[in-house]
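Novice: One structure is given below, represented as C-alpha cells, and several questions about it will come after.
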Amino acid sequence: MMKRTYFALLLGLAGSVLQPSFQAARAATVPWIAVGPEGGDARSFAYDPKNSSHIYMGTTSSWVYESTDGGTKWQRLPHLGKVDDLVVDNIVVDSANPKTIYAGVWQLDRNSGGVFISHDAGKTWATIPDMDGQSVRALSQAPSNSNILVAGTIAGIYQSSDAGVHWKEISPPGSGEIHKVESIAIDPGDPKTIYAGTWHLPWKTTDGGANWHNIKQGLIDDSDVFSIIIDPQMPSLIYASACSGIYQSETGGELFRKIQGIPSTARRTRVLQQDPSNHKIVYAGTTEGLYKTLDGGTNWSRMTGPDVIINDVYVDPKNPQHVLLATDRSGVLASQDSGATFQASNGGFSQRQVTAFLADSKNNETLYAGVVNDKSYGGVFVSQNRGTSWKQQSAGLDGRDVFDLAQSSDGSVYAGTSHGIFHWDGSTWQAHGKVVNTTEKVTYVKVRGKRVKKTVSESSKPTTIDSQVTDLSVDGPVWFAATAEGVYRSTTNGTTWSGPILNDPDYRFVDAHGPIVFAGRRSDLRLSEDSGITWKQIPLPAKLTLVRALATDPNGTLWLGGLQGAFYSNDRGATWQQVANLPMGNINHIDYDAGLQKIILTSSDSTLVFAMNADNKSWKWWDAGWKVRMVHSIGGRLIGASLYDGVVVEPVTIGSPGSAQGN
C-alpha cells in the first residue's frame, strides 16, 4: 500500500525537522480495512488446474482476488504496479506449476500495461521487462507446452518460449493489420498453430508466427473478434465471437458460418466458454446477458436478464453445474444449476466507486454509501453495523448515480444524484426538489376612487430540479444545493426550493455554517453572509489553479483544496494563506468533522489523511493505506470512502495517529 512517491514529497518539505519521526511512524501504520459494499466490476477468471476450487479473479483497478472455496468468498492479493487503473483482463495459472501465475494488464485511457508474474501463488508479483508498457488484451498458454505463452497487445502479437522470461514479437513489426489484438487461442496439440482476433477480423499462423494469413471468409467485414475457442477434442472446430455475432468453423478457421439463435448484431459477445465435460454446451457472455447452447450452437437460450454485462465465464471442470460470471457492476454471479439461476457471490470483493458517504449522526452503527457507474446495481448501500454488512437500498433512484449524501438536523437523509434531489423515507427514495420561485409584481388598484399602489406576490409554476446535484448543505435553517444549473436555496427544509439563486452552470460545492455560505465552481468562488440572500465574488488564492474541495468551519473560516494544496481565509476571502508543511497536494476533499472538531483533508495522490485544528493549524495524520476521497469519524473511529475500493475503516487496534505542528 505504501507509495514511494509520497515519501519523495516529504523530502522536499520546508519543515524538514518533522521528517524522521513522520516517516518512521508512517512505516509502522496498519492499512485500514476494506468493508464494502460488495460487488463492482469483475473482469476475468482463472483456476488452479490441480484444484478447481482455487480461483483467481481480475478487476479494473490493479487488483487480483483469489477464492479457495469455488468463488463464495474472495480475498485480495497484493496490488499490481504503481497505478490504480490497470485492467486485469487475462490471468493464466501455469499448468505445470500452479504457484506460477501470469497476469496480462492494460491501462485505462492510454496504451500501456504489461505482464506480471508471480511464483508464489500471487503473494508477490514482478513485472516482465520485455512486456513493460505493452497494452495486453489477450494472454494464453500453449496446452501442449507450458513454456510457451502468447500475448495479444495493441501493438501486435508477442511470444515467450521460456515460461515468460523473454518475449519477442511474432507478428509483422509495425503491421497495419495484425495489431489491436483482443483474443488469442493456441491449438491444443500444436503450439505453432495460433489464432488471433483483432479489432478488424481474425488471423492464423501454423508456423509459430513466421507467416500469418487472414481467416475472414464467412465473417462480416470489420468484425471485432473478442473471443476464440478451440474444441480440445476436435481442433478443427473453432468458435469466434465478434461484434457482428457468433461464428463457427469446422475447417480450422478457413471458412466460418454465422450461428443463428442470438438476435441483434448490436449485442457484443465478449467471451465464449465450453463446458469441460460436454463440448456441445457453450456459454456466450454478452453485453446483454448470458446465452447458452446445448447443441453446439444450433439453438441458444438466454439464461440471465438483459441488464447483465458479462466479461468472463468460469465452468467448474469437476462440477459443470457450478458456473461463475464476471460482470460489470454486479461483480460475481454464481450458479449451481448450469446457469438456470444465479446469485451474487461477492463476499470479500469490493470494487465500488464510492462518491458519497455519510455516517448517521443519530445512530453510530449506520453508514450510507453512494456509488456511481453501477446503474440498477448501484445507487445507495446502507450498513447497520459499521460496515460489517451492506444492503442495497436504491428503490426509487432508478439507476441514478449518487454524488452526495447529507443529513438534516432531524435525522432525515438526502441524496444528490445525476438527476435531482431525493429523500430517504426508510424504504424508498422520493423525489424532493420542487422549485417554486416567488416574484413581486406592482399593480395599481382604486380604493374609494383613488389610485393606490399594491405589491402582489406571484409564484411560478412548480418545476423539479433535474440536473446533476453534487453538493448539499441541509443541516441549518436554510438549505442549499450545488447543481449543474447553479445553486438553489430552501427555507422550508427542502419542501420547496428557489433559484437557481446563483444562475451559472457547473456549481460543484456549497457549504454553510450559520449565515456564512460558501459556494464554488472550479475557478469561481461566491460568498454570502446573510444566508444566501446576497452574494459577492471572492478571489481564489494566487497559487491555486482549480478548486477541488471547499468547506467552512464554525469559526467562519473558509477552506479550499486543490492541486497545489490546502488554503484558508480568516477574513471572508479577502486574503488567503496556504497550510504550511502539509506533505501532500492534490487535495480532493475538505470537511469539518463535528466528532473530531477538526478539519479533515484527503488527497487523490496520497493515502494520508489529515485532521487539522482550525485554530492553531496543527495537524494529526493517519496512513489509510488506500487513496480516499472523504473521511468521517463515527464513535471515535475513522471511516473513509476510497477512490476505487469501497468503504475502508480504521482498525480498532491502530495506534495513536502521528501529530505535528503545521505552521
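None of the figures in this text is laboratory data; all of them are computed from the coordinates on show. Keep in mind that what you see is a predicted model, and the values were worked out from it rather than measured. We place every Cβ from the backbone using ideal geometry, glycine too, and count neighbours over all the protein chains shown.
Novice: Tell me, 59, 492, 304 in order of fewest to most beta-carbon neighbours within 10 Å?
Specialist: Numbers: 59 25, 492 12, 304 22.
In order of increasing Cβ crowding within 10 Å: 492, 304, 59.
Novice: Let me ask you something else. If you add up the charges near residue 203, with Lys and Arg at +1 and Asp and Glu at -1, over every other residue whose beta carbon is less than 10 angstrom from its beta carbon, what do you get?
Specialist: +1
Novice: For residue 137, what residues show an amide H to amide H distance below 5 Å, using hydrogens built from the backbone and excluding near sequence neighbours?
Specialist: Here the answer is 152, 153, 154, since their amide H atoms fall under 5 Å of that of residue 137.
Novice: Using 25 Å as the Cα-Cα cut-off, could you pick out the over-long pairs in 180/258; 192/216; 434/598? Please report the intermediate quantities before stating the final value.
Specialist: Numbers: 180/258 23 Å; 192/216 20 Å; 434/598 34 Å.
From 180/258; 192/216; 434/598, over 25 Å: 434/598.
Novice: Can you sort 572, 268, 43 from fewest to most other Cβ atoms within 10 Å of each residue's own Cβ? Could you put the intermediate results ahead of the total?
Specialist: On the way: 572 15, 268 19, 43 22.
Fewest to most other Cβ atoms nearby, the residues stand as 572, 268, 43.
Novice: Moving to a separate point now. Over what distance in Å are the Cα centres of the range 493-543 and the range 256-319 separated?
Specialist: 53 Å
Novice: Looking at the chain, what % of its DSSP beta bridges pair antiparallel, to the nearest 5? Spell out each step's value before the answer.
Specialist: Working: 187 of 192 bridges.
Roughly 95 percent of the beta bridges in the chain run antiparallel, per DSSP.
Novice: Can you run the Rg to Rh ratio on the range 445-548? Use alpha carbon positions and the Kirkwood inverse-distance Rh. If you can, show how the numbers build up before the last one.
Specialist: Values: Rg = 17.5 Å, Rh = 15.3 Å.
Here Rg/Rh amounts to 1.14.
Novice: Let me ask another. Can you sort 522, 508, 270 by how many other beta carbons sit within 10 Å, fewest first? Kindly include the intermediate steps, with their values, before the conclusion.
Specialist: Details: 522 14, 508 20, 270 23.
By the 10 Å Cβ count, ascending, the order reads 522, 508, 270.
Novice: Given the C-alpha centroids of the range 153-172 and the range 403-422, what is the distance between them in whole angstrom?
Specialist: 52 Å
Novice: Here's a follow-up. Given the Cα-Cα distance of residue 523 and residue 233 and 0.36 nm per residue of separation, how much length would full extension add, in nm?
Specialist: The span from residue 523 to residue 233 would gain 98.0 nm if fully extended.
Novice: Normalised by the residues of the chain, what does the relative contact order come to in percent, with Cα pairs under 8 Å and at least six apart? All intermediate terms of the calculation are to be shown ahead of the outcome.
Specialist: Details: 1926 pairs, mean separation 61.8, N = 663.
The normalised contact order for the chain reaches 9 percent.
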